[in-house]
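What follows is a single structure, written as structure tokens, with notes after it.
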Amino acid sequence: MSTLTDFGWTPAKQLAWDQLELSDVRPARVIADFGTSVKIATPHIITAELSGKLAHYASRDETPKVGDWVAVNITDGGAATVESVVLRSNEIARKVAGKQVLKQIAAANVDIAFVLLSLDNDFSVERLKRFLYQLSVSNVKAVIVLNKADKTDDLASYLTQLNELKLPIVVSTATDGSGVTEIAGWIKSGDTAILLGSSGVGKSTLTNKLLGREAQSTNDVRESDSTGKHTTVHRELFQLPGGGMLIDTPGIRELQLWGTESELDINYDDIVDITQQCKYKSCRHTTEEGCAIRQALADGSLDKKHYANYLKMKAELSILTVKTTERDRQANKRPQRYGDKNASSRSYDSGD
Ligand SMILES: Nc1nc2c(ncn2[C@@H]2O[C@H](COP(=O)(O)OP(=O)(O)O)[C@@H](O)[C@H]2O)c(=O)[nH]1
Ligand SMILES: [Mg+2]
Ligand SMILES: [Zn+2]
């Protein structure tokens with residue numbers, strides 16, 4: 001018999017829950033979300049509908065995502081309704097693909113993330129850094145997984161490129177199971193882990209190995225699917241044999257950032273430290289004399305790619321801030337119409 005503890009419930013959460021003084025509801029964890037309904041663990045696995053308030057009036061940030069704790073009302077007849085999201089300690093977010101200025105939440109209440117890179121043509125430190133930024137914004141511990149180790153005979157050159165990040169790295173071959181025990185070792189009992197990375201890097205293959213069963217279909221299966229259709233893989237939270245939990249995610253083609261420039265600077269304190277040595281406080285690091293950044297780039301103490309990457313992300317976040325500010329300004333000007341906020345956000349969770 002499972003208990004809520006098996007899904008990550010703790011005495012501290014119980015205490016926080018008690019302080020909410022909610023009536024007619026009990027806590028449950030979302031293990032899959034399908035828009036207006038969710039699969040939850042009470043700890044029994046049941047399907048629950050979102051309350052009308054949540055489904056129609058809440059902004060998309062406030063609707064339950066996989067990993068969320070929710071307050072659920074269950075009638076004597078067994079009908080379950082999610083009344084609200086509670087105790088969300090963090091969320092893994094990004095900007096939705098395309099022009100819309102909207103935050104998309106991939107999962108909530110995550111303790112540790114494995115960012116997978118595959119050791120073939122997928123390998124990109126730049127892409128990795130985008131994931132790492134997003135994880136730092138969410139305060140989630142990151143472990144790098146270099147998968148498809150069987151595809152290279154020059155592992156050392158990949159490892160060298162990752163040295164500066166000072167993060168744990170696991171080398172794996174998900175198809176034959178090597179590295180899988182080491183990955184499982186990072187997930188403490190009661191912790192929730194998530195697998196992130198581009199499509200095709202081996203997340204679902206690794207999920208199946210960690211679970212010890214074929215829970216997720218992998219690309220192989222999908223390609224031989226006789227309908228030829230790309231079946232949407234919903235994010236789902238699985239219980240690991242070792243006591244933790246795991247969320248597999250659909251591949252992200254291009255991770256668009258969601259956050260602020262100051263959060264970026266926390267990640268790039270090496271660069272910020274150098275800028276503080278520029279002669280002028282208002283230095284733009286372009287042509288100014290006494291510019292410490294230009295000096296560091298020239299003498300090689302600041303890596304050019306590392307700096308370019310920082311500037312690119314900073315520009316992206318600066319544009320995001322301008323757009324969100326403008327969006328909020330527009331929203332405040334318009335007379336509030338309930339449901340408005342949500343009008344165009346129903347079909348958002350299929351990954352891309
Ligand atoms: N050679 C090799 N292939 C792998 C490895 N891990 C996964 N694959 C293959 O890569 C393809 C994509 O894997 P999948 O798990 O679906 O990737 P996902 O999109 O990240 O979930 C499948 O054909 C897997 O069999 C690995 O370590 N080595
Ligand atoms: Mg997959
Ligand atoms: Zn400067």
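Of all residues in the range 176-198, those satisfying the criterion of being touching a helix residue (DSSP H, G or I) at 6+ places or on another chain (Cβ under 8 Å) and open to solvent by 30 Å² or more (accessible area, probe 1.4 Å) are Asp176, Ser178, Ala184. Residues in the range 146-166 that are surrounded by fewer than 15 Cβ atoms within 10 Å (Cβ to Cβ) and either hydrophobic (A, V, I, L, M, F, W, C) or not assigned by TED's automatic domain parsing to the domain that holds Val201 (or both): 4 in all. Checking Ile252, Ile274 one by one, the residue that is buried (at least 18 other Cβ atoms within 10 Å of the Cβ), at pLDDT below 90 and not charged (D, E, K, R) is Ile252 and no other.
Residues in the range 304-318 that are open to solvent by 70 Å² or more (accessible area, probe 1.4 Å) and either within 18 Å of Leu132 (Cα to Cα) or within 21 Å of the chain's Cα centre (by Cα) (or both): 3 in all. Residues that are more than 17 Å from Thr192 (Cβ to Cβ) and touching a residue at least 40 places away in the same chain (Cβ under 8 Å) within the range 24-43 comprise Asp24, Val25, Arg26, Phe34, Gly35, listed in sequence order. For the range 157-177, check the following and say yes or no: at least one residue is more than 16 Å from ligand 2 (Cβ to nearest atom), assigned to a helix (DSSP H, G or I) and farther than 29 Å from Asp303 by Cβ. Checked the range 157-177: no residue is more than 16 Å from ligand 2 (Cβ to nearest atom), assigned to a helix (DSSP H, G or I) and farther than 29 Å from Asp303 by Cβ.
Considering only residues that are of a type in the set (Asp, Glu) and open to solvent by 10 Å² or more (accessible area, probe 1.4 Å), which ones fall in the range 46-101?
Those that are of a type in the set (Asp, Glu) and open to solvent by 10 Å² or more (accessible area, probe 1.4 Å): Glu49, Asp61, Glu62, Asp76, Glu83, Glu91.
The values are calculated or read from the model by the stated rules, or taken from the named source; none is laboratory data. From a predicted model like this one, the values you see are computed outputs, not experimental measurements. Quick reminder, even Gly has a Cβ in these numbers, built from the backbone with ideal geometry, and neighbours come from all protein chains shown. Only protein heavy atoms, including side chains, enter the accessible area calculation; ligands, DNA and RNA are left aside. Shrake-Rupley method; radii C 1.70, N 1.55, O 1.52, S 1.80 Å.
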